[in-house]
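Comments concern the structure below.
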Amino acid sequence: MSTNTIVSLPDQETARIPKKNFLTKENGLLSWLLTRDHKRIAILYLITTTFFFIIGGAAAALIRLELLTPTGDMVSSDTYNKLFSIHGIIMVFFFLVPIAPGVLGNFLIPLMIGAKDVALPRINLLSWYLFVIGGCFELYMMIFGGVDTGWTFTTPLSTHYVNSHVIGAAMGIFIAGFSSILTGINFIVTIHKMRAPGMTWFRLPLFIWSYYATSIIFVLATPVIAISMVLIMLERVIGIGLFDPTKGGDPLLFQHLFWFYSHPAVYVMILPGMGIISEVISNFSRKRVFGYTAVAFSSVAIAVFSFFVWAHHMFIMGISTYSALLFSLFSMLVAIPSAIKVFNWSATLYKGSITFDTPMLYAFGFIGLFTIGGCTGVMLATLGMDIHVTETYFIVAHFHYVMVGGMVSAFMAGLHFWWPKMTGRMYPESLGRLAAVILFIGFNLTFFPQFILGYLGMPRRYHFYPPEFQALNVLSTSGASILAIGYLLPALYLIWSLRHGAIAGNNPWQATGLEWQTQSPPLTENFTEIPIMDHEAYDYAWLERQSRDNRREEAPSAE
Amino acid sequence: MNHISPVIWQFPVKWMTNFPLFPPEASTIAPQMDALLFFMVLVSLIGLTVVVLLIISFSILYNKKRHPVAEQIEGSILLEATWTIIPLGLFLVMFVWGAVIYFRVFTPPANAMNIYVVGKQWMWKIEHPGGQHEINALHVPAGRAVQLTLISQDVFHSFSIPAFRVKREAIPGRYTTVWFEATTPGTYHLFCTQYCGTNHSQMIGDVVVQTPEDYRKWLSNSTSGVSLAQDGERLFASLSCSACHNARPNARGPNLANVYGSRLTLSNGQTITADEAYLRQSILNPSQHITQGYAPIMPTYQGQISEEGVIALIEFIKNLNSDYRIQQTLNTTDLPPESEGKTPPAAQAPAAKAHATQGRVKK
Amino acid sequence: MPNNQAIVPAASEPAGAGHNEHPSYLLHHFQSVEQQADTSNFAMWLFLLTEMMFFGGLFTAYLIYRNWYYLAFVAGSHQLNVVWGTLNTVVLICSSFTMAMGVWCAETRRRSGLVLCLILTFILGLGFLGIKTIEYSEKIEKHHVPGFHYNLSSFLDPASDPEIFKEYHDKPLPLDIARHTELYFSLYFLMTGMHALHMIIGIGILGFMIFRARAGAYISGHVTFVENFGLYWHFIDIVWIYLFALLYLISRH
Amino acid sequence: MSEQNGHAHTIVGPGVYVAILFALLAGTVLTVWASFVDLGFWNPIIALAIATTKATLVLLYFMHVKYSTKLTKLAIAGGVFLFLTLVSMTLADYISRAWGSW
Ligand code: HEA
Ligand code: HEA
Ligand code: CUA
Ligand SMILES: [Cu+2]
């Protein structure tokens, strides 16, 4: 291997994927559907969330195609509205929220803390089923006509004025919410109670810290959206009046409840990414993360502060100016821990020994895009500015920068990073790098013009738009097609690599986490014996010592 | 370049010649908003540049080829404190600056002229005090503060004029206000920015800013002949409001002359300013706030008056600045026979005054 | 969080004593019984926190609307029967007590005591629901169910409702205020309904537990399931304590 | 394996439960009685104070929080805090809406 990578693969001639591993343990569909193995559940999540991503992505593709021309000549307004509603609902509740905890969290948390499984394996399977049932409601809703409320379900529009399948959509979200709750409970309990001997809190990988923070949000915020979805359904079915201005209800109350969940939920969508990035940056610069404690605590700080800022989505919606002030101030504060993280990651590179493997490229992409998205988030949190840009494409650009540029990039980084662990095989490195670059370019081309559009005043959720905005929209659409290639490429080569990838060995990245100390793919019970953690996280010196020991052990037997 | 298909060629030409990157600044608040934007973009760019520069330079300096062995560094409290405190300071500056602008946009000056806006799926209905009605268009004079009082008849809408950098939600069941002072005559976009159902994207219109002379001309050409207040007066009579609010000593309801803008004492001892929102509440939910000295006998008119009707009534009440006006109203309306002309209006004036001041202190 | 227990009664050793002998209820991925018990206990607590936030949304709505429509909420609250409410509170507190005793019996390995306590809890729970049904049917008769031909006459003309008038001598409410009583009843039904739903689920699980306990489960030293169910049951009790105060009591004047 | 569960599982006896039962019943009687007395402003406060006391008793003894680990206590405190945040920050908006003309 050239010097610009740290991959160290076993000798491909002799290497074999271990016969006994969690994938080969049992066979047959049923063994998957009834599994309690966290790793298999992770794979189940990977398949289902990818499925939903394709649906959401297809909706996005249609949205972008439609916006090529200002006159809305491809689909009707109703269809357009259904497209972006479905896009938002699927992407948020059925793709981005479950993906990181469901796939990487499930797979890695027990491995990283040296446990045999998550604390409540049955509950874990149950949460996957709840997720699937919720997803079925959404599919049902889409097949029988869709929903056109936007993902925010603004009352009284969603309760009294539209006549699409709001109840089906709300029911799906309600059920999927319980899936999130159970996953959150599971992770918190696992992290508290299942750590291997010697694995103290400050020896945990930062990945674990950020998933812990995510789980706090899951547990405490999700029930509030559950109740607000119940209220929406009841309001539609029997007209309880809580959100109905003609009965004296306040439609804004719904938004309070909705955003009490949905703001923290946006951090559910970024915190896991931050955890992944910490791992990746550390590994590919061969350095302990700069300021471990600060990064660890900033995850928790983000989770805690995220609960105090929800009304920044309602600045001009009729909340009192005084509370707008309060919420704006808190939004400024919640941005600080993110800033700390970004700077600490950058500082981690200092005096490192950096290589640019695919995960690292994604990680760099993440930092840049997340910083842009985050800084525009701060602009939105600034009261005066929000008046002008709220409900415009500026918002759309902001959140795609953090969600797609941020979290999806981070997920791709994670997926590539742990792919050898999950499957035992490497993906093709050069294609990987290519895809990362395509994704970065396509992404910026898609969403940067939207900032300009937004400041020009183009409202979001617009099917028709004034012709002078067309040029920028065409740019954006062309970017989206590049973006689509950027997603299709990894999908293809990752599937290819399942068969033909190079055999990875236990620790192709020479990473320090416990998950790399076991075989790839791991055994069903993860470790042959429960490991003992006797060093700090990211202790590359320990790793070197260990591999030297290993080599010495091997050497005599070879002679 | 004509060897490229002219059909395709026309698109880039069209786009390049009509390719705005920055919205026009057509109100007094716009430059202030843009200044804030530039400040924030600058700060963000500096932040971004620092981060990107760090990453790039470290990537070059410490890539594996050049720097094969990493040096472990724990962290540095001093550095970390720096990059906590500096952004915090910058963010706080943004917060204060933004808050100042927010208050400016939502606090109309006292002399602003008021225009009512009613949003409904999917159109904007605009009511000028002079009785000019517009749909999906708004004419305003340049150089004059204009206050919009918005309400929605059904769902949330949002009244957005990007060129003015102002935007305000029209909420069902509640008035909201926003104001602006247009500076440059011209025609600007008006959007509904809050998603409101199927034809949300067609709930658009034009804001026409005119020079004061043109505006005056427009006003006189498009008046329907009946001002909003006169409309209200008619309603006031036909809904028999005047049965109770008639400025007589035996009137069952308080005198409404000069009530707008005054401070009222309620029966529970609270005081409240009679603004548009209060007047609206008094008509639709009269029992919510009972004026001191009166019985809660006023019936609710919820469901009986349209939002435009309420606006007309409010405009009428706002313009009631003397008992004389009320009595004028009385003369033009058919009162129930038993109260008709029992007491000559003139004789009642002092008593009515006393009555009227009950529970009311002029601000 | 049901970690299914061993059906085999009373294994040989107290929990965690044997070094190599793993009690059959110890799931494979735990190191010790204690770890397992701790884990499910903590998980149960987290679940209760989510339940609390779930009710939190309703409490928020209640407080906001009570603040806005005070008079309507007072009038609405007068429609509730404090006697039934108090009785129900007592019933629920007693059931909480029997449940706590049940846990104690399980911990001290008293099989018949456990079965008795569970049955008592079961009966008291049913009693609570029975009383709730009586209350609900009163509301249904008076057309006080929001959305279903909601009827305002008890508020516009309190004298038409002699029983309640006797007690409170309410003045007639003006129409616009009276209309807001519908919000009160919405919240009343939502909050008590959600609470009742939790009771029903609880009673279902209780039935299952009685069945198992008679067969000798839960007294082998591994009482997690009973304990966790106890937590759930007490939590429902706490919710009711607040509902009782908010819906029945604080608006009596 | 992390938190040291050194102390054994405390078993709370029937004596305590009976005492708590009576305290709760007494609280119920008290709060119903208090609601019949017109204390004006104080009525809701007293009712909620009694309810909170009762809830605390249930939490501490029936639900064994008194004998639980710090972790459990912390989790409960966090949950209650967040519950109060939800209620109070939402209510803050509604109350302050009446302050100004916005
Ligand atoms: C992953 C998801 C995610 C994340 C992480 C964020 C992060 C942030 N968001 Fe975003 N947001 C969304 C998803 C997300 N958001 C979505 C989906 C919506 C729209 C919902 C809808 O209406 O449909 C939205 C909308 C939204 C609004 C409402 C706009 C409106 O509707 O009017 C606001 C307003 O305050 C906001 C603010 C913020 C802030 C302050 C952050 C902060 O957390 C960002 C913090 C990060 C940084 C600040 C970057 C790193 C910092 C540095 C590198 C320091 C250097 C910089 C300087 C010194 C300036 N967001
Ligand atoms: C995780 C969240 C997530 C993700 C990943 C995305 C991904 C994308 N989004 Fe989306 N978006 C949201 C969350 C997300 N979005 C939300 C919450 C809203 C608000 C909804 C609302 O207003 O209610 C929104 C709204 C939104 C809008 C605004 C609509 C409007 O307001 O009118 C637009 C417009 O450009 C857009 C575009 C895109 C694009 C081009 C992508 C691209 O990144 C997607 C690229 C991926 C693919 C293209 C799929 C890959 C290709 C295939 C799988 C092949 C199959 C495809 C075909 C057969 C065509 N999104
Ligand atoms: Cu009205 Cu959008
Ligand atoms: Cu937010």
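Of the residues contained in the stretch A:285-293, one or more are found to be more than 16 Å from ligand 4 (Cβ to nearest atom), of a type in the set (S, T, N, Q) and touching a strand residue (DSSP E or B) at 6+ places or on another chain (Cβ under 7 Å). Taken over the stretch A:313-351, the criterion of being within 13 Å of ligand 4 (Cβ to nearest atom) and among the hydroxyl-bearing types (Ser, Thr, Tyr) is satisfied by A:328, A:331, A:338. Does the stretch B:47-58 contain any residue that is of a type outside the set (A, V, I, L, M, F, W, C) and more than 7 Å from every other protein chain (Cβ to nearest Cβ)? Checked the stretch B:47-58: at least one residue is of a type outside the set (A, V, I, L, M, F, W, C) and more than 7 Å from every other protein chain (Cβ to nearest Cβ). When the residues of the stretch A:235-250 are narrowed to those that are in a helix (DSSP H, G or I) and out of contact with any Phe, Trp or Tyr (no Cβ under 9 Å at 6 or more places or on another chain), which ends up nearest to ligand 2 (Cβ to nearest atom)? For the stretch A:235-250, the residue satisfying everything is A:236. Using the structure shown, decide if residue B:178 is surrounded by 17 or more Cβ atoms within 10 Å (Cβ to Cβ), in contact with a strand residue (DSSP E or B) (Cβ under 8 Å, 6 or more places away or on another chain) and in the same structural domain as residue B:108 (by TED's automatic domain parsing). So residue B:178 passes the test. For the stretch D:22-40, the set of residues classified as at pLDDT 90 or above and polar (S, T, N, Q) consists of D:28, D:31, listed by residue number.
I'm checking my understanding of the structure. Among residues of the stretch B:264-290 that are more than 14 Å from chain C (Cβ to nearest Cβ) and outside any helix (DSSP H, G or I), which one is surrounded by the fewest Cβ atoms within 10 Å (Cβ to Cβ)? So, considering only residues that are more than 14 Å from chain C (Cβ to nearest Cβ) and outside any helix (DSSP H, G or I), the one surrounded by the fewest Cβ atoms within 10 Å (Cβ to Cβ) is B:269. Selection over the stretch A:174-194 of residues that are crowded, with 24+ Cβ neighbours inside 10 Å and more than 9 Å from chain C (Cβ to nearest Cβ) gives a count of 7. With respect to (1) hydrophobic (A, V, I, L, M, F, W, C); (2) assigned to a helix (DSSP H, G or I); (3) buried (at least 24 other Cβ atoms within 10 Å of the Cβ); (4) at the interface with another protein chain (Cβ under 9 Å from one of its Cβ atoms), the lone exception for residue A:336 is condition (3). Of the residues making up the stretch D:1-21, those that are modelled with pLDDT of 85 or more and surrounded by 12 or more Cβ atoms within 10 Å (Cβ to Cβ) number 7.
Here B:293, B:303, B:261 are screened, and the one residue that is more than 10 Å from every other protein chain (Cβ to nearest Cβ), on the phi > 0 side of the Ramachandran plot, within 24 Å of the chain's Cα centre (by Cα) and surrounded by fewer than 18 Cβ atoms within 10 Å (Cβ to Cβ) is B:261.
Among the residues of the stretch D:47-67 satisfying the criterion of being within 30 Å of residue C:168 (Cβ to Cβ) and more than 9 Å from every other protein chain (Cβ to nearest Cβ), which is surrounded by the fewest Cβ atoms within 10 Å (Cβ to Cβ)? In this case the residue turns out to be D:49. Filtered by the rule that a residue be more than 7 Å from chain D (Cβ to nearest Cβ) and touching a residue at least 60 places away in the same chain (Cβ under 8 Å), the stretch C:55-67 gives C:55, C:58, C:61, C:62, C:65, C:66. Residues in the stretch B:149-169 that are within 16 Å of ligand 3 (Cβ to nearest atom) and in a loop (DSSP other than H, G, I, E, B): B:153, B:154, B:155, B:156. Cβ-Cβ contacts under 6 Å between residues 6 or more apart (or on different chains), taken from a first residue in the stretch A:64-91 that is within 11 Å of chain B (Cβ to nearest Cβ) and farther than 18 Å from residue A:473 by Cβ to a second residue that is aromatic (Phe, Trp, Tyr) and within 16 Å of ligand 4 (Cβ to nearest atom), are listed as A:88/A:151.
Residues that are within 16 Å of ligand 1 (Cβ to nearest atom) and assigned to a helix (DSSP H, G or I) within the stretch B:184-224 comprise just one, B:200.
Test residue C:200 against the stated conditions and say whether it is more than 14 Å from chain B (Cβ to nearest Cβ), assigned to a helix (DSSP H, G or I) and modelled with pLDDT of 85 or more. So residue C:200 fits the description; yes. Answer yes or no: is there a residue in the stretch A:251-273 that is polar (S, T, N, Q), within 12 Å of chain B (Cβ to nearest Cβ), assigned to a helix (DSSP H, G or I) and within 16 Å of ligand 2 (Cβ to nearest atom). Within the stretch A:251-273, one or more residues are polar (S, T, N, Q), within 12 Å of chain B (Cβ to nearest Cβ), assigned to a helix (DSSP H, G or I) and within 16 Å of ligand 2 (Cβ to nearest atom). Just one of the listed residues (A:210, A:228) is within 16 Å of ligand 1 (Cβ to nearest atom), over 19 Å from residue A:334 (Cβ atoms) and of a type in the set (Ser, Thr, Tyr), and it is A:228. Could you tell me whether the stretch B:12-32 includes any residue that is modelled with pLDDT of 90 or more and either under 24 Å from residue A:353 (Cβ atoms) or within 16 Å of ligand 2 (Cβ to nearest atom) (or both)? There is no residue in the stretch B:12-32 that is modelled with pLDDT of 90 or more and either under 24 Å from residue A:353 (Cβ atoms) or within 16 Å of ligand 2 (Cβ to nearest atom) (or both). Here residue B:285 fulfils each of the conditions (1) out of contact with any helix residue (DSSP H, G or I) (no Cβ under 9 Å at 6 or more places or on another chain); (2) closer than 30 Å to residue B:135 by Cβ apart from (1).
Of everything in the stretch B:149-171 that is farther than 18 Å from residue B:32 by Cα and more than 7 Å from chain A (Cβ to nearest Cβ), the residue that is farthest from the chain's Cα centre (by Cα) is B:153. Taken over the stretch B:110-148, the criterion of being within 13 Å of another protein chain (Cβ to nearest Cβ), assigned to a loop (DSSP other than H, G, I, E, B) and of a type outside the set (A, V, I, L, M, F, W, C) is satisfied by B:121 alone. Of all residues in the stretch A:457-477, those satisfying the criterion of being outside any helix (DSSP H, G or I) and either near ligand 2 (Cβ under 8 Å from one of its atoms) or closer than 23 Å to residue A:385 by Cα (or both) are A:457, A:458, A:459, A:460, A:461, A:462, A:463, A:465, A:466. Taking each residue of the stretch A:243-261 that is within 16 Å of ligand 3 (Cβ to nearest atom) and looking for partners that are among the aromatic types (Phe, Trp, Tyr) with beta-carbon atoms closer than 8 Å, six or more apart or interchain, yields A:251/A:243; A:251/B:156. Could you tell me which of the residues A:416, A:398 is assigned to a helix (DSSP H, G or I), more than 10 Å from every other protein chain (Cβ to nearest Cβ), crowded, with 24+ Cβ neighbours inside 10 Å and near ligand 1 (Cβ under 9 Å from one of its atoms)? Sole residue among the options that is assigned to a helix (DSSP H, G or I), more than 10 Å from every other protein chain (Cβ to nearest Cβ), crowded, with 24+ Cβ neighbours inside 10 Å and near ligand 1 (Cβ under 9 Å from one of its atoms): A:398. Against the numbered list (1) within 16 Å of ligand 4 (Cβ to nearest atom); (2) among the aliphatic types (A, V, I, L, M); (3) within 11 Å of chain B (Cβ to nearest Cβ); (4) surrounded by fewer than 24 Cβ atoms within 10 Å (Cβ to Cβ), residue A:304 comes up short only at (3). One residue is enough: does the stretch B:200-207 have a residue meeting the conditions within 16 Å of ligand 2 (Cβ to nearest atom), at the interface with chain A (Cβ under 7 Å from one of its Cβ atoms) and buried (at least 19 other Cβ atoms within 10 Å of the Cβ)? Yes, that holds for at least one residue.
The values are calculated or read from the model by the stated rules, or taken from the named source; none is laboratory data. Owing to the predicted nature of the structure, the values given are computational and were not obtained by experimental measurement. Every residue, glycine among them, receives a Cβ derived from its backbone with ideal geometry; neighbour counts consider all protein chains shown.
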